[in-house]
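Single-structure report; data block below.
The values are calculated or read from the model by the stated rules, or taken from the named source; none is laboratory data. None of the values given here were measured: they were computed from a predicted structure. With ideal geometry, Cβ positions are generated from the backbone for all residues, glycine too; neighbour counts draw on all protein chains shown. Side chains are part of the model used for accessible areas, which takes the heavy atoms of the whole protein and leaves out ligands, DNA and RNA. Shrake-Rupley method; radii C 1.70, N 1.55, O 1.52, S 1.80 Å.
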Amino acid sequence: YVVRARVGRYPDSEERYQYLELSSLKANKQRDHLGWRKVTATYDDPEIIEFVFDHPPGEVSRVMVHQRTHQDRGDKALWTAARKENGFGLMPGLWVDWAEIELIEPLETIEKARHEILGNRSNDVSEADYVKDVMHRFARRIFRGRMPNRNYFNSLYDVYRDYRSEGRSIEQAILEPLAIMLASPEFLYMVNEGREDDSNRLAGIELANRLAFMLWSQPADKELAFLGETGKLDLPEVLREQVQRMLDDPRSKRFVRDFTHQWLQMDRLGMFQFNGLDFPEFDNAVREYGREEIFETVDLLMREGLPLGRLLNSDFVVVNDLLAAYYEIPNVHGDHFRKVQLGEDSIRGGLLGTAAVCAMGSDGLKTSPVERGVWVMRHLLNDPPAPAPPNVPQLSRLDGEILSAREIQQLHQEQPQCAQCHRKIDPIGFGLENFAADGRWREREEIKVGKRNSTRIQEFEIDPSGQLPSGDSFSNFQELRSLIGARDESFSRGFVEELIAYGLGRPFGFSDEALADHIIEETRESGFAIQPIIETLVLSESFQSK
């Protein structure tokens, strides 16, 4: 669908409220944020803005255009605070004259999908032959080239006949056996039986599907399936060509999104809501586009063949206009993401300077040096700390005291069962303390003191100095980022281990160490670029085996 709205911004409105937002509210009250567009036209001379979005058939939801919103109840808190000041509430930023919605992908596509499953029954084909043909074609598709035995199909046909005997139409009755197939473990799970010669190698179609699920998050297409079934995919040069074809295809963005989300544990980004009064700028738009920034940056590295270490320290960011405004980067226009060069002294550039990573290292209220330190050790240094011991003591003796984040963590280090790990973890988090919970730069830490109606702000100087577990010292964030950036091989090793687990569909184990060593050696010359890493994994014996 496409939504169009004629809209203009009010004079002197806040820049944050000059963005039009498209959202949908489902029947279960879940709200999805579908996009934001900067409104440059004025109230006197409005413009027409378009959003394009997908809506699944059969799902019920309301689609709305409105000015940019905060997370959860953040707008209500901002509105209440504004009303106390001006007696009115939040001043509107946009004027919407009208909005319309149009179906741009016709409903015939649904009929086309129906035809792909049910086909057409010729007059000279019996009902039994037609139904069995539908079931066989459907089974071949959902079981990814593996066909069940005849007894299985006979049982399904018996189900069909039972429903037909109850008076159901052919189409209604045939849905039941198709639904049974969709509940089969062979559809829900990747079942690899291997070759008929009892070797440990995957059958050709199984290799094709493993590659397709890794790079496209879907079964093999016709070309890849044909190469698998005919045995041509066993040839290294053919397999290499297919990897390149699939990475050049837009569907490979699914790999970037799914793998990156799992690798960097980005589910944490949606775990906490940021209060509108304390973090008015960190709203739904920044959170969602901050997530997209990570995906787009990884995608750019893969497409341009850049060294993986650019994720640690780089002279560019991949942002759109909204995120650039949040980072105070000038002269970026348009909602599309693009590569933007940075100045030499920029605090952005690399994962550590992104709003998403900083927010994941907080609880929505304040920063967490521990969470940030653990995340860096696990994902950037490939040196994950040991799990926290049970029965960690609470610092109850500090109740009522107002302390900085650094002081609290240093007191944790006084506990014998905490000291060993926290001395490694906490200094990294201290080096990131100039980033507030929402990822914006600050020179001092501010803590609210008092109750709701009588609060005051107590400030603390931020000391970002520390020492990495290796013994290297740093005095500020830029030095910390440089030290971490120099450890690109350790970072790449962690990436490789996660990719092996993702590609093989199981946790990385000690038996995979040799494969990881091989991939690192083979891709060192490229600077551990993503595409050579993927290609080396796919060409390995492990990837082609059960």
Any hit, the stretch 385-398, residues being assigned to a helix (DSSP H, G or I), without any contact (Cβ under 8 Å) to a residue 60 or more places away in the chain, closer than 27 Å to Asp472 by Cβ and out of contact with any strand residue (DSSP E or B) (no Cβ under 9 Å at 6 or more places or on another chain)
no
Take the residues in the stretch 89-104 that are modelled with pLDDT of 95 or more and acidic (Asp, Glu); name whichever of them is most open to solvent (accessible area, probe 1.4 Å).
Glu100
Out of (1) closer than 30 Å to Gly364 by Cβ; (2) touching a strand residue (DSSP E or B) at 6+ places or on another chain (Cβ under 9 Å), the odd one out for Val96 is which?
(1)
Pairs with Cβ under 7 Å, 6+ apart, first in the stretch 146-162 and more than 11 Å from Pro177 (Cα to Cα), second outside any loop (DSSP other than H, G, I, E, B) and open to solvent by 70 Å² or more (accessible area, probe 1.4 Å)
Arg146/Glu186; Met147/Arg140
Considering only the stretch 55-95, how many residues are charged (D, E, K, R) and either outside any loop (DSSP other than H, G, I, E, B) or without any contact (Cβ under 8 Å) to a residue 12 or more places away in the chain (or both)?
6
Name the residue that is surrounded by the fewest Cβ atoms within 10 Å (Cβ to Cβ), counting only residues in the stretch 311-331 that are in contact (Cβ under 8 Å) with a residue 40 or more places away in the chain and either within 19 Å of the chain's Cα centre (by Cα) or closer than 23 Å to Pro280 by Cα (or both).
Ala325
Given (1) in contact (Cβ under 8 Å) with a residue 40 or more places away in the chain; (2) among the hydrophobic types (A, V, I, L, M, F, W, C); (3) farther than 23 Å from Tyr326 by Cβ; (4) open to solvent by less than 40 Å² (accessible area, probe 1.4 Å), identify the lone condition not met by Val52.
(4)
Spans of helices (runs of 4 or more DSSP H) in the stretch 469-529 with at least 3 residues among the acidic types (Asp, Glu):
488-504, 513-523
Inside the stretch 309-358, the number of residues satisfying the requirement of being part of a helix (DSSP H, G or I), more than 23 Å from Val496 (Cα to Cα) and charged (D, E, K, R) is 1
Considering residues of the stretch 152-200 that are charged (D, E, K, R) and not in a helix (DSSP H, G or I) only, the residue modelled with the lowest pLDDT
Asp198
Would you check if there is a residue in the stretch 114-127 being of a type outside the set (S, T, N, Q), assigned to a helix (DSSP H, G or I), at pLDDT 85 or above and more than 30 Å from Arg210 (Cβ to Cβ)?
yes
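Here's the yes/no breakdown for (1) aromatic (Phe, Trp, Tyr); (2) closer than 17 Å to Leu351 by Cα; (3) modelled with pLDDT under 95:
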residue: Pro469; (1), (2), (3): no, no, yes
residue: Asp472; (1), (2), (3): no, no, yes
residue: Asn476; (1), (2), (3): no, yes, no
residue: Glu479; (1), (2), (3): no, yes, no
residue: Ser490; (1), (2), (3): no, yes, no
residue: Glu497; (1), (2), (3): no, no, no
residue: Gly509; (1), (2), (3): no, no, yes
residue: His518; (1), (2), (3): no, no, no
residue: Thr536; (1), (2), (3): no, no, no
Suppose the filter is at pLDDT below 90, in contact with a Gly (Cβ under 8 Å, 6 or more places away or on another chain) and open to solvent by less than 70 Å² (accessible area, probe 1.4 Å); does Gly145 pass it?
yes
Members of the stretch 331-372 that are more than 20 Å from Arg291 (Cα to Cα) and in contact with a helix residue (DSSP H, G or I) (Cβ under 7 Å, 6 or more places away or on another chain):
Pro369, Val370
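Kindly indicate whether Val60 is under 26 Å from Phe337 (Cβ atoms) and either at pLDDT below 90 or not charged (D, E, K, R) (or both). Break it down stepwise before answering.
Values: under 26 Å from Phe337 (Cβ atoms): no; either at pLDDT below 90 or not charged (D, E, K, R) (or both): yes.
The answer is no for Val60.
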Checking Ala27 against (1) among the small types (Gly, Ala, Ser); (2) modelled with pLDDT under 95; (3) under 32 Å from the mean Cα position of the chain (by Cα); (4) surrounded by 14 or more Cβ atoms within 10 Å (Cβ to Cβ): exactly one of these is not met. Which one?
(4)
